[in-house]
1. Hey, quick one: spin label on Ser217, modelled 7 Å out along Cα-Cβ, who in segment 279-301 has an amide N within reach, i.e. under 13 Å?
2. Provide the gained length on full extension for the span Thr72 to Thr201, in nm with one decimal, where the gain is 0.36 nm per separating residue minus the Cα-Cα distance.
3. For Leu160 paired with Arg332, estimate the spin-label separation in nm (one decimal), with each label point 7 Å from Cα along the Cα-to-Cβ line.
4. Rounded if a/c is under 1.5, else prolate if a/b is larger than b/c, else oblate: which is segment 297-366, with a ≥ b ≥ c the root eigenvalues of its Cα gyration tensor?
5. Quick one: grab the alpha carbon gyration tensor of segment 228-337, order the square roots of its eigenvalues as a ≥ b ≥ c, and give me rounded if a/c is under 1.5, else prolate or oblate depending on whether a/b is larger than b/c.
6. Asp319 to Lys103: extension gain in nm, 0.36 nm per residue of separation minus the Cα-Cα distance?
7. Can you pull the accessible area of His127 for me, 1.4 Å probe, Å² to the nearest 10?
Amino acid sequence: MRDVLLRRGPARTLALLGVVTLLMVALAVFAVSMQRRALTSDFEPRLMFPELGGQVNEVSKIEIVSRLSQVTVERDQQATDSDVAVWRLLEKGGHPVRAEMVKRTAVGLADLELIEQRTAQPEWHQHINLTNPADKGTGVRVTLFGADGDEVASLIVGKLEGTADIDGEGTIYVRRTAEDQSYVARGSFNLEQNAAAWLDTGVIDLAAGRVARVEVSPPEGETYVVERVAATSAETPTYQISNLADDLQPVTDYAINGIGNALVNLQFTDVQPIGDVEFDAPTRTVFSTDDGLRITVEAQRLSGGYFAVLSAGAAVDADEAVRREAAVLGARLAPYAYGLSTPKGADLTRSFDTLTEPKSADGAVVDLEALEDAARAE
């Protein structure tokens with residue numbers, strides 16, 4: 001290198017440029033390092049919202065807003081019959097959300113610790129995703145409101161700064177919404193921006209074998225009844241079509257059992273306010289239990305998939321416990337139309353003709369396995 005620098009000519013010029021470039025890079029790295037050290041050496045870790053720990057139980061509303069989406073959950077002030085607070089998602093017609101999602105947000109922010117001070121220059125926020133989504137920025141704004149409706153905490157969340165540790169805590173860029181000063185924070189909190197992920201997707205869950213009788217009224221074709229076979233166990237109940245004509249046989253027991261067990265752990269894939277979904281030819285199904293509970297389901301396949309609305313009631317001779325159960329179920333189910341998976345939707349919309357076939361005159365064996373595969377594919 002020394003010989004090159006002593007010689008005149010293009011090689012000497014290139015070598016000098018290389019040396020100058022290396023010196024400039026080294027100085028830049030040194031400057032950034034010194035700036036970071038100046039920002040962090042005297043910074044003592046602290047809670048981002050030191051007062052929030054004592055206010056968590058007073059939080060009444062949470063907003064998570066990005067440039068493309070918004071999630072708003074509110075505590076149901078009218079739900080006072082339970083020791084557990086009920087939270088509702090406004091973007092899904094006020095449907096209840098999972099309580100742990102709310103806890104992970106509020107408690108996680110209360111425990112969020114600032115560990116490094118970073119830039120306070122607004123023009124640098126775009127590089128760490130701390131621009132406000134209200135201004136079409138790339139940050140995510142999280143705001144917690146107290147019982148009086150006032151903000152108790154609000155921050156912009158930006159890029160991850162590192163990976164999570166063994167306790168699931170990571171580091172991320174943050175700033176308080178009303179301030180330009182940014183920080184690296186350590187903690188773990190819920191930042192879910194997909195509204196559907198907040199929802200408690202359970203519709204109804206009747207114990208296996210509790211349903212004794214199902215009356216199905218399709219929009220076309222005959223009404224039929226499915227009944228529980230008395231000899232089967234409660235864990236694996238079997239159902240059959242009542243009063244089936246002698247010249248008919250079930251196409252497959254699988255589909256019939258699917259009807260009888262349709263309300264066992266019924267989950268939804270989507271939920272809409274009941275007024276937003278319109279049926280023109282639903283299948284009406286009434287599920288009856290031995291103790292007098294009645295669940296009525298109207299279901300239809302629409303352009304967006306299967307949807308169903310449910311209502312609950314009790315027989316005139318049902319005891320008080322069943323009447324209370326029906327009232328609670330009815331109040332919870334009435335406001336919504338539920339999107340269902342294809343298998344569950346099919347179970348709730350089957351016509352009599354798809355469940356039965358003429359008996360074979362020559363006694364030929366029916367390939368039930370093949371038929372069951374076909375039923376699953378519907």
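1. 282-287, 296-299
2. Details: separation 129, 0.36 × 129 = 46.44 nm, distance 1.73 nm.
Full extension of this stretch gives 44.7 nm more.
3. 3.5
4. oblate
5. Details: a/c = 2.07, a/b = 1.20, b/c = 1.73.
Since a/c reaches 1.5 but b/c is at least a/b, the shape of segment 228-337 is classed as oblate.
6. Details: separation 216, 0.36 × 216 = 77.76 nm, distance 3.71 nm.
Length gained between Asp319 and Lys103: 74.0 nm.
7. For His127, solvent-accessible area is about 100 Å².
The values are calculated or read from the model by the stated rules, or taken from the named source; none is laboratory data. Predicted model only: the values in this text are computed from it and were never measured. Cβ coordinates were reconstructed from backbone atoms using ideal geometry, including for glycine residues, and neighbour counts include every protein chain displayed. Please note that ligands, DNA and RNA were not included when accessible areas were found on the heavy atoms of the full protein model with its side chains. Shrake-Rupley method; radii C 1.70, N 1.55, O 1.52, S 1.80 Å.
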